[in-house]
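Undergrad: Before I ask anything, let me first share the structure, which is written out below as structure tokens.
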Amino acid sequence: MGDRMDFSLLNDEPVAASEGDVLGSGRAAREIAKLLHDSRTATPFTLAVDAGWGMGKSSLMRLVEAEVAQQRDVEVVWYNAWTSTGGDALEGLIKSVLMSFDRRALRRALHRLSERRTLLTAIGATLGVVLAPFGVAGLVDRFWQALSVDARSRNDMRDALRDLATEWAESAPYEPRRLLVVFIDDLDRCSEETVLAVCEAVKVYLDIPGLAFVIGCDRSALGPSGLLRDLGPTGSAFMEKIFQTSYRLPAPGGDEVQAYVRHCAERSGLRELLDDDLVKLIADRSARNPRRIKRLINGFGLECSLNPVWARFEPEAVIRTLLLQYLYGDFYRILVTGDGIHPNAAREFLEYRTARRVLGQGVRPRSEDWQTTVACVTGHGLAEPAPAPDLESWTAVLARLEEELPTAYPALARDQNFVHLVEEWLRLPQADELVQRLREGGVTPVVELRTDEGTPRGSGGVPARQRETYAGLQVLWVDDRPEGNRSLVSYLEGRGAEVLLAEDGWSAERVLRSRPVDLLLSDIARGADRDAGLTDLARWREQERFVGPAVFFAGRVTPARERQSREVGARITASGGELLQYIDEAWEEIRRSRP
């Protein structure tokens, strides 16, 4: 790939200063900061910064924090809820707030506690050391010990915290009062127990004058249909009371997100590889999600820098291939697997697009387009369309053609970004060599076993299943290219399944004769035989050699193949995530049928 590229990874840290604010969140940050400061006499209150995963909640909150921290009568606390577990979150948040108060206010609060008869037993150990030279951390620990020792003491915690916060907020020379802004981030990434503990701290113990909370979360994830779906009506009503108001962070505008893509590419060292069309494509296909854009850029850079497969190709060829891989995973799988139908799925797609345009118009086209249309139709085993323009006849031909083509093609034909990407990709001098290299297994389709719930599921992505187990499941996987399924096989075996591999129907039949099999996974095309998997399963069904659930995992899923799969009692998919969903459903069926 010519000279070695200087690439650097982008971190996932939020923007904390205005000079890094490429997406233009600064204006909203200033307005929110002003609102918080002007509303300090109306405390306590809670503001939600509401947005989906990766849309910039933390960055906006950091910018707000920087703005309000400039006010001499405002103190700030940053608390990441994701760092706590369960009940520890309540203690952690309250202690974080207490650490913001000055030492003299904490010592006076401890003196007041020592004078209250109802707490003498709880703080007996504290009385002898109140006057000791503890720092703020030591005083906070003493305060917490005094108020959390038993249920009775914890009932008094809110009053003690109110007295302490009021004294701090109303202390001279601040008029009308000081403000403590508590930022709580990543609440929607926590367990239900942690979410409820944080909300208990906010609403039960810290709902006091002088305190304002800014909580970053996806409120839909905290709703009745999300993380807290097991809460009853009372619990849901409690959650609704937490937030007095919300600011729904909008998706960045087209110009802003494209500027962000260029900014990330510049910082990573990839800027010269992305022209304006590719920048727009990344912006659109990433759903204008800043975190997703960073991950794409990092993925591109790592592949270009570290994968030796790309060493013989020009950077432009590499980046366009990776865009197909990351942004159009379903098509990329078709391109890589081939599946015995067409030598180059990219050319097949463009031929189909021409045939779609010609046959859908019913008007005699120019000679070149007509030749392409005829070749496309006859190349998929269909009769040549009548040469005389006939919209009804040609529409029927198009319908039959689409039965034999991947189900994704019609939608992709309407995606101008994709069409342009494929056209430019095929114009590269190394396009055919690239396809051959991909077919040889140099760069396999992306099948990711993701573990964080916030990560979006791309095409072929496999969602996390932390609790699922396949202990006792016997799987036979038939595929003439088993290396392409390695990650999925490891996933199943890691959760207790026994996976037997066969590269052809003859080897698979030997397994079926020798031992019981619960679930059959299979490809369809093998070598020159386009329907090998379908033919094998039909025969085994007829001979009653295998009667259990079956799933075809194929690079090409067409309407015709979907129909043929149903006819032999099987399902079909090109998606790794959907495959695991089907395996889950089959495993439930298998377990129910066992004595």
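The values are calculated or read from the model by the stated rules, or taken from the named source; none is laboratory data. Note that the structure is a prediction, hence the values are computed from the model and not measured. With ideal geometry, Cβ positions are generated from the backbone for all residues, glycine too; neighbour counts draw on all protein chains shown. With ligands, DNA and RNA removed, areas are computed over all heavy atoms of the protein, side chains included. Shrake-Rupley method; radii C 1.70, N 1.55, O 1.52, S 1.80 Å.
Undergrad: So for segment 505-518 (the condition being under 20 Å from Glu403 (Cα atoms) and either part of a helix (DSSP H, G or I) or under 35 Å from the mean Cα position of the chain (by Cα) (or both)), does at least one residue qualify?
TA: no
Undergrad: Turning to a different aspect of this structure: Which residue out of Leu534, Leu520 is crowded, with 21+ Cβ neighbours inside 10 Å, closer than 16 Å to Gly576 by Cα, in contact with a Phe, Trp or Tyr (Cβ under 9 Å, 6 or more places away or on another chain) and at pLDDT 90 or above?
TA: It is Leu520.
Undergrad: Identify, from the list Ala169, Ala137, Ala165, the residue that is modelled with pLDDT of 70 or more, of a type outside the set (Ser, Thr, Tyr), under 27 Å from Gln71 (Cβ atoms) and surrounded by fewer than 13 Cβ atoms within 10 Å (Cβ to Cβ).
TA: Every option except Ala137 fails the conditions.
Undergrad: Let me ask something additional. Can you tell which of Leu35, Leu60, Leu23 is assigned to a helix (DSSP H, G or I), out of contact with any Ser or Thr (no Cβ under 7 Å at 6 or more places or on another chain) and either of a type outside the set (Phe, Trp, Tyr) or open to solvent by less than 20 Å² (accessible area, probe 1.4 Å) (or both)?
TA: Leu35
Undergrad: Let me ask another. State all residues of segment 250-271 that are assigned to a loop (DSSP other than H, G, I, E, B) and either modelled with pLDDT of 90 or more or of a type in the set (Gly, Ala, Ser) (or both); if no residue qualifies, say none.
TA: Within segment 250-271, Ala251, Gly253, Gly269 qualify.
Undergrad: Taking helices (runs of 4 or more DSSP H) that do not extend beyond segment 387-501, which have at least 3 residues that are modelled with pLDDT of 85 or more, of a type in the set (A, V, I, L, M) and more than 22 Å from Glu351 (Cβ to Cβ)?
TA: 486-494
Undergrad: Let me ask another. Under 8 Å between Cβ atoms, which residue pairs at least 6 apart in sequence (or on different chains) link something in segment 311-333 that is over 19 Å from Asp276 (Cβ atoms) and at pLDDT 85 or above with a partner that is polar (S, T, N, Q) and crowded, with 23+ Cβ neighbours inside 10 Å?
TA: Every condition considered, the pairs that remain are Tyr332/Gln325.
Undergrad: Restricted to segment 545-592, and to residues that are closer than 23 Å to Tyr470 by Cβ and of a type in the set (Ser, Thr, Tyr), which residue is surrounded by the fewest Cβ atoms within 10 Å (Cβ to Cβ)?
TA: Among residues in segment 545-592 that are closer than 23 Å to Tyr470 by Cβ and of a type in the set (Ser, Thr, Tyr), the one surrounded by the fewest Cβ atoms within 10 Å (Cβ to Cβ) is Thr573.
Undergrad: Still on this structure: Taking Gly484, is it of a type outside the set (Lys, Arg), open to solvent by 20 Å² or more (accessible area, probe 1.4 Å), more than 17 Å from Ala550 (Cα to Cα) and in contact with a helix residue (DSSP H, G or I) (Cβ under 8 Å, 6 or more places away or on another chain)?
TA: So Gly484 fits the description; yes.
Undergrad: Then there's this: Of all residues in segment 387-412, which are crowded, with 17+ Cβ neighbours inside 10 Å and of a type in the set (A, V, I, L, M)?
TA: Val397, Leu398, Leu401, Leu405, Ala408, Leu412
Undergrad: Considering only segment 184-206, I want to know if a residue exists there that is open to solvent by less than 30 Å² (accessible area, probe 1.4 Å), of a type in the set (A, V, I, L, M), at pLDDT 85 or above and in a loop (DSSP other than H, G, I, E, B).
TA: Yes, there is a match, as at least one residue in segment 184-206 is open to solvent by less than 30 Å² (accessible area, probe 1.4 Å), of a type in the set (A, V, I, L, M), at pLDDT 85 or above and in a loop (DSSP other than H, G, I, E, B).
Undergrad: Give all pairs with beta carbons closer than 9 Å in which a residue from segment 422-442 that is closer than 17 Å to Thr337 by Cα and among the basic types (Lys, Arg) meets a residue that is at pLDDT 85 or above and outside any loop (DSSP other than H, G, I, E, B); count only pairs at least 6 apart in sequence or on separate chains.
TA: So the pair list comes out as Arg439/Leu335.
Undergrad: Residue by residue through segment 282-299, note down the ones that are closer than 14 Å to Leu322 by Cα and either in contact with a His (Cβ under 6 Å, 6 or more places away or on another chain) or among the basic types (Lys, Arg) (or both).
TA: Matches in segment 282-299: Arg285, Arg295.
Undergrad: Take the residues in segment 209-242 that are part of a loop (DSSP other than H, G, I, E, B) and at pLDDT 85 or above, then tell me which one is farthest from Tyr79 (Cα to Cα).
TA: So the residue we want is Pro209.
Undergrad: Another question, if that's okay. Evaluate segment 334-350: report whether one residue or more is under 30 Å from Leu391 (Cα atoms) and surrounded by 23 or more Cβ atoms within 10 Å (Cβ to Cβ).
TA: The answer is yes, given that some residue of segment 334-350 is under 30 Å from Leu391 (Cα atoms) and surrounded by 23 or more Cβ atoms within 10 Å (Cβ to Cβ).
Undergrad: Has segment 88-100 got at least one residue that is assigned to a loop (DSSP other than H, G, I, E, B), open to solvent by less than 20 Å² (accessible area, probe 1.4 Å) and farther than 20 Å from Pro290 by Cβ?
TA: No, that holds for no residue.
Undergrad: Oh, and also: If you check every pair at least six apart or on different chains, which have Cβ atoms under 8 Å apart with a residue in segment 83-103 that is among the hydroxyl-bearing types (Ser, Thr, Tyr) first and a residue that is part of a helix (DSSP H, G or I) and open to solvent by 60 Å² or more (accessible area, probe 1.4 Å) second?
TA: Thr85/Glu193
Undergrad: Filter segment 553-595 down to residues that are polar (S, T, N, Q) and farther than 18 Å from Asp479 by Cα, then give me how many there are.
TA: 4
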